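The values are calculated or read from the model by the stated rules, or taken from the named source; none is laboratory data. Because the structure is predicted, anything quoted here is derived from the model rather than measured. Counting neighbours? That spans all protein chains shown, and the Cβs are built from the backbone with ideal geometry, glycine included. In case anyone asks, the SASA skips ligands and DNA or RNA and just uses the protein heavy atoms, side chains included. Shrake-Rupley method; radii C 1.70, N 1.55, O 1.52, S 1.80 Å.
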Amino acid sequence: MKKILLIISSFFISVVVLADQPKDWQLGFQNPASGGMRDIVNFHDNLLLPIIIAITVFVLFLMLYACVRFRASANPNPSKRTHNVTVEILWTLIPCLILIVMAVPSFKILYKQDTIPKADLTIKAIGYQWYWGYEYPDENIIFDSYMIEEKDLRADQPRLLAVDNEVIVPVNKVVKVLITANDVLHAWALPSFGVKRDAVPGRINETWFKAEKEGTYYGQCSELCGIKHAFMPITVRVVSEEDYQEWLSEARVKFAKEEIENDKLKIASK
Ligand SMILES: [Cu+2]
């Protein structure tokens, strides 16, 4: 009973409570933190849900009506009719029209996601068994991002989602994400940004997001990739431009991909 109450209450207060990570007894999506995700949530909440509810209620009504109206005691001589052209045309045409109504805005969202605007920064996510590696190709930065074990978690870190090295990006900037993998298929997914792309060995997929508010956002590998598939989370921290620049200057030293020594490039030991 308590659980049912929780589900019902979470439905009403979800908008307030939901932040940037999944919540216990959550229904629906995480709060959108990018324009792309807002489009997806609007599409789902304002178009798909009403259509699905209307169809479900209509079919339920038809079934109940048939059960009551045509029960054996009320209808001892059932009709032998097998065809009705009008009804057959209607039940083909109406679902087609409903699909078209859903397809048009859905394609709009897909095309918007597919067109990458001019990027302010580029990051590269590389899936490994079983952790994510990141590169900032324009900044000479490379690091690995491992899940923090339960015993090492700080009080403010969520279990199975927090990582040691977070991806840091500035707020309100177009971030282009190049996604690939080193061993098997993985998928880089961040629900608050409406981003999910397969990470395929030997091939680079692209996507983008523009985070609209500062905060920490969590995602997970979303392609079954092996025994520790559930333990390679994604953490993106969105910060102000100044904080980002500050992080960059530290990260360029801490996570330097190549050491610059006397104008000669030397591969840094990772
Ligand atoms: Cu994976």
| request: For an R0 of 45 angstrom, estimate the FRET efficiency from the Cβ-Cβ distance between Ala119 and Val59 and round to the nearest 0.05. | output: 0.45
| Length added when fully stretched, Asp243-Lys151, from 0.36 nm per residue minus Cα-Cα | 30.2 nm
| How big is the gap, in Å, between the Cα center of the range 54-109 and the Cα center of the range 144-197? | 45 Å
| query | In bins 5 Å wide, starting from 0, what share of all Cα pairs of the range 138-218 does each bin hold, as a percent? | reply | 3, 13, 18, 23, 23, 13, 6, 0
| said: Let's see if you can work this out: charge +1 on each Lys and Arg Cβ, -1 on each Asp and Glu Cβ, no other charges. What is the dipole magnitude of the range 85-235 about its Cα centre, in debye to the nearest 20? | reply: 440 debye
| For the charge dipole of the chain, defined by +1 on Lys and Arg C-beta atoms and -1 on Asp and Glu C-beta atoms about the Cα centroid, which residue among Pro95, Gly133, Met147 has the Cα displaced farthest towards the positive pole? | Pro95
| note | Going through Lys23/Lys108; Lys151/Lys213; Lys124/Lys173; Lys151/Lys173; Lys112/Lys254; Lys23/Lys196 one by one, the pairs whose alpha carbons sit over 27 Å apart turn out to be Lys23/Lys108; Lys151/Lys213; Lys151/Lys173; Lys112/Lys254
| query | Got a sec? What order do Lys124, Lys108 fall in by accessible area at 1.4 Å, biggest, i.e. largest, first? | reply | Lys108, Lys124
| task | May I ask for the angle, rounded to the nearest 10°, between helix 2-17 and the longest principal axis of the chain, with both axes built from Cα atoms and the value confined to 0 to 90°? | result | 60 degrees
| Å³ per residue of the Cα convex hull, for the range 14-106? | 136 Å³
| query | Extension gain Asp144-Arg38, at 0.36 nm per residue separation less the Cα-Cα distance, in nm? | reply | 35.2 nm
| Where does helix 241-254 land angle-wise versus the long Cα axis of the chain, in degrees 0 to 90, nearest 10? | 60 degrees
| said: Let's test the formula: R0 of 30 Å, r as the Cβ-Cβ distance of Ile109 and His229. What FRET efficiency results, to the nearest 0.05? | reply: 0.60
| query | Which distance in nm do the two modelled labels at Ser73 and Val87 give, with both placed 7 Å along the Cα-to-Cβ direction? | reply | 2.5 nm
| task | Normalise the Cα radius of gyration of the chain by 2.2 N^0.38 Å (N = residues in it) and let me know the number. | result | 1.36
| message | Taking the solvent-accessible surface of protein heavy atoms with a 1.4 Å probe, what is the per residue accessible area of the chain in Å²? | response | 64 Å²
